[in-house]
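These notes are about the structure you will find just below.
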Amino acid sequence: MSATNVVELKLPDDTPVDLDAELKASNVQEVLDKLDRELIGLKPVKTRISEIAALLLVDRVRKKFDLSSAIPSLHMNFTGNPGTGKTTVALRMAEILHRLGYVRTGHLVSVTRDDLVGQYIGHTAPKTKEVIKKAMGGVLFIDEAYYLYKPENERDYGAESIEILLQVMENNRDDLVVILAGYKDRMDRFFSSNPGMRSRIAHHVDFPDYMPDELLGIAKLMLAQQNYRFSPEGEQAFEEYIPLRMKLEHFANARSIRNALDRARLRQAKRLFASRGRKLTRTDLITIEAEDIMLSRVFEEADKKQG
Amino acid sequence: MTNTGNRVTQGQFSYLPDLTDVQIAAQIKYALSNGWAISVEYTDDPHPRNTYWEMYGMPMFDLKDPAGILLEINNCRKTFSEHYIRVMAFNSIRGVESPAMSYIVNRPHNEPGFGLVRQEAEGRHVNYTVHSYAADKPEGERYLR
């Protein structure tokens, strides 16, 4: 009797495969669309994420046909300059992997060296393990992972932490996904001194810097999220602002844009406060005018350089 | 005899057959969903009044998934295979602040059980108490195979 059951369970080779239905069932398209809408630019990142999503989806269908394959390793490495959206994408990644049923809870535990490495002998292992346990069922995001390894100090405890991480990345692949992030050159150096780490990470994703028009799009999106918007002149002023800011030191892509907008909001509030005599409307409250941006220090410094 | 085999019955589920890992994970999940902190403890003194067992590592706070706790349980089983191991869930809500769950997840292969001890006191008075046969040996040697 059991033999006939097995035959019935196994689907014939020519069973049609309905990937569309599977896609709908997983709701993953929704997340991918959201990613497309809310993250501007980042072409290579989006391509890689949709590839991973496709792989996991196909894997799910394959499982229905009893075609078992090893659980794909999904540990990732995000490299890119500051403010290119590594953390934001990591958060989304947790959600996508959860929708695809790859991780169970889909939470993100974001840590840095401080959370993993202890201060004295015997402190590191429990600390690292505790973080790993917290991340189980979700995604462990290690920001600025290259700080874990300090070659100039041979007694540094970072190596111990790396060793435990490697072990967990190998043995508990179905329990958690580890995402490392950091600047490109330093991560490359980190991997060249930790070949074990490099080989255990299947996906190396590089986050490119944003173009000026992408940054403008990001600015508008940020403002919309906080219920503000540019006036047409304001938008033009900001368009001028972006290339000037990009030339200055310490430019951190989207993060610099966010700071610039925060300062513009300050100036807008000040302007509104100064014009108390006038009757204000709702439009006044939500509009960032050109003068809110033109007063920025960036324009002054650009003038100084020219003059 | 209602309790054959001298099985120690402390905490929850102790009259049931031993929980499987899947069942333990389900219980842990329930505790986590209530926001309780979970700890793993062990002892080799089965006396019912032995309330405070040794802690195996720190209590685990802020976990989201049972996998991490199951990992600790299995580590503890490896280290103390012939000990009693229990999982406790602590409810830290103000006003409660006490264990909400407690169940045994590992027990020695051979549990010799308890004997009744009679102590003759003043006059014809007799005091009764229970005594674990295993506790005659020093700690750490009680359940050696």
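The values are calculated or read from the model by the stated rules, or taken from the named source; none is laboratory data. Not measured: the values here are computed from a predicted model. Ideal geometry is used to build each Cβ from the backbone, glycine not excepted, and the neighbour counts take in all protein chains shown. Accessible surface is based on the protein model in full, side chains and every heavy atom, while ligands, DNA and RNA are left aside. Shrake-Rupley method; radii C 1.70, N 1.55, O 1.52, S 1.80 Å.
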Q) Alpha carbon centre of the stretch A:234-271 versus the stretch A:284-307: separation in Å? A) 8
Q) How big is the gap, in Å, between the Cα center of the stretch A:90-163 and the Cα center of the stretch A:177-219? A) 16
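Which value, in Å to one decimal place, does the Kirkwood hydrodynamic radius take for the protein assembly as shown when every pair of different Cα atoms is included? Spell out each step's value before the answer.
Numbers: mean 1/r = 0.0368 Å⁻¹.
The Cα-based Kirkwood calculation yields 27.2 Å.
Would you mind telling me the share, in percent, of accessible area of chain A contributed by carbon and sulfur at probe 1.4 angstrom?
Values: 8960 of 17240 Å².
About 52 percent, which is the carbon plus sulfur part of the accessible surface.
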Q) Largest first, what is the accessible-area ranking of B:H47, A:H98 with a 1.4 Å probe? A) A:H98, B:H47
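Just flag the GluC sites (Glu not before Pro) in the stretch B:51-145 sitting in loop per DSSP whose Cβ has no more than 11 other Cβ atoms within 10 Å.
Details: sites: B:E54, B:E72, B:E82, B:E97, B:E120, B:E122, B:E139, B:E141; in loops: B:E82, B:E97, B:E122, B:E139, B:E141.
Here the sparse-neighbourhood loop sites are B:E97, B:E122, B:E139, B:E141.
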Q.
Are there any residues in the stretch B:40-70 with a reduction of at least 50 Å² in accessible surface when going from the isolated chain to the assembly of protein chains? Probe 1.4 Å, please list them by number.
A. B:K64, B:D65
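Ballpark to the nearest 100 Å², how much total accessible area do B and A bury together, probe 1.4 Å?
Working: alone 9510 and 17640 Å², together 26340 Å².
For B against A, buried area totals roughly 800 Å².
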**Q.** Interface residues, the stretch A:127-144 - accessible area loss of 50 Å² or more versus chain alone, probe 1.4 Å
**A.** A:K133, A:K134, A:M136
Q) Any idea what the relative contact order of the stretch B:21-111 is, in percent, if you count C-alpha pairs under 8 Å spaced at least 6 apart? A) 31
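Report the relative contact order of the stretch A:164-307, percent, no decimals, based on alpha-carbon pairs under 8 angstrom and at least 6 residues apart.
Values: 88 pairs, mean separation 38.3, N = 144.
Averaging sequence separation for qualifying contacts and normalising by length gives 27 percent for the stretch A:164-307.
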(Q) Give me a comma-separated list of calculated 3J(HN,Hα) values for the stretch B:125-141, in order, Karplus coefficients 6.51, -1.76, 1.60 applied at θ = phi - 60°, integers in Hz, x for any Gly or Pro. (A) 6, 10, 9, 10, 8, 9, 9, 7, 4, 5, 6, 5, 8, x, 3, x, 10
Q: Kindly state, to the nearest 0.05, the FRET efficiency for B:I93 paired with B:D18, given R0 = 51 Å and r defined as their beta-carbon distance.
A: 0.95
Q: Using a 1.4 angstrom probe on heavy atoms only, work out the carbon and sulfur share of the accessible area of chain B in %.
A: 52
(Q) Please list 3J(HN,Hα) in residue order for the stretch A:102-114, calculated via the Karplus relation 6.51 cos²θ - 1.76 cosθ + 1.60 where θ = phi - 60°; whole Hz, with x for glycine and proline. (A) 7, 10, 7, 10, x, 9, 10, 10, 9, 10, 10, 3, 3
Q | Of A:K86/A:K133; A:K24/A:K63; A:K34/A:K86, those spanning more than 20 Å from alpha-carbon to alpha-carbon | A | A:K86/A:K133
Q | Greater than 31 Å apart at Cα, pairs in A:K129/A:K184; A:K43/A:K304; A:K184/A:K220 | A | A:K43/A:K304
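Can you list which of the chymotrypsin sites (Phe, Trp or Tyr not before Pro) found in the stretch B:1-61 are DSSP loop residues with at most 10 other C-beta atoms within 10 Å? Intermediate values should be presented prior to the final figure.
Numbers: sites: B:F13, B:Y15, B:Y30, B:W36, B:Y42, B:Y52, B:W53, B:Y56, B:F61; in loops: B:F13, B:Y15, B:W36, B:Y52, B:W53, B:Y56, B:F61.
When the chymotrypsin sites (Phe, Trp or Tyr not before Pro) of the stretch B:1-61 are filtered for loop state and at most 10 Cβ neighbours within 10 Å, B:Y15, B:Y52 remain.
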Q. Quick one: what Rg and Dmax do you get for the stretch A:91-212 from the alpha carbons, in Å?
A. 14.6, 49
Q) In the stretch B:21-111, if every C-alpha pair distance is counted and binned at 5 Å from zero, what percent goes to each bin? A) 3, 14, 26, 25, 18, 10, 3, 1, 0
(Q) Taking θ = phi - 60°, what integer Hz values does the Karplus form 6.51 cos²θ - 1.76 cosθ + 1.60 yield along the stretch A:127-139, in sequence order, with x for Gly and Pro? (A) 5, 4, 5, 4, 4, 4, 5, 5, 7, 4, x, x, 10
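For a quick check of your reading of the filter: which trypsin sites (Lys or Arg not before Pro) in the stretch B:9-77 sit in a DSSP loop and have no more than 13 other Cβ atoms within 10 Å? Present the calculation step by step, with values, prior to reporting the outcome.
Details: sites: B:K29, B:R49, B:K64, B:R77; in loops: B:R49, B:K64.
When the trypsin sites (Lys or Arg not before Pro) of the stretch B:9-77 are filtered for loop state and at most 13 Cβ neighbours within 10 Å, B:R49 remain.
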Q. Counting only residues 5 or more places away or on other chains, whose amide H sits under 5 Å from the amide H of A:I288 once H atoms are built in the peptide plane?
A. A:R229, A:F230, A:S231
Q: Would you give the gap between the C-alpha center of the stretch B:10-73 and the C-alpha center of the stretch B:74-93, rounded to a whole Å?
A: 5
Q: Please work out the FRET efficiency for the pair B:V126 and A:T87, using the Cβ-Cβ distance as r and a Förster radius of 51 Å; give the result to the nearest 0.05.
A: 0.10
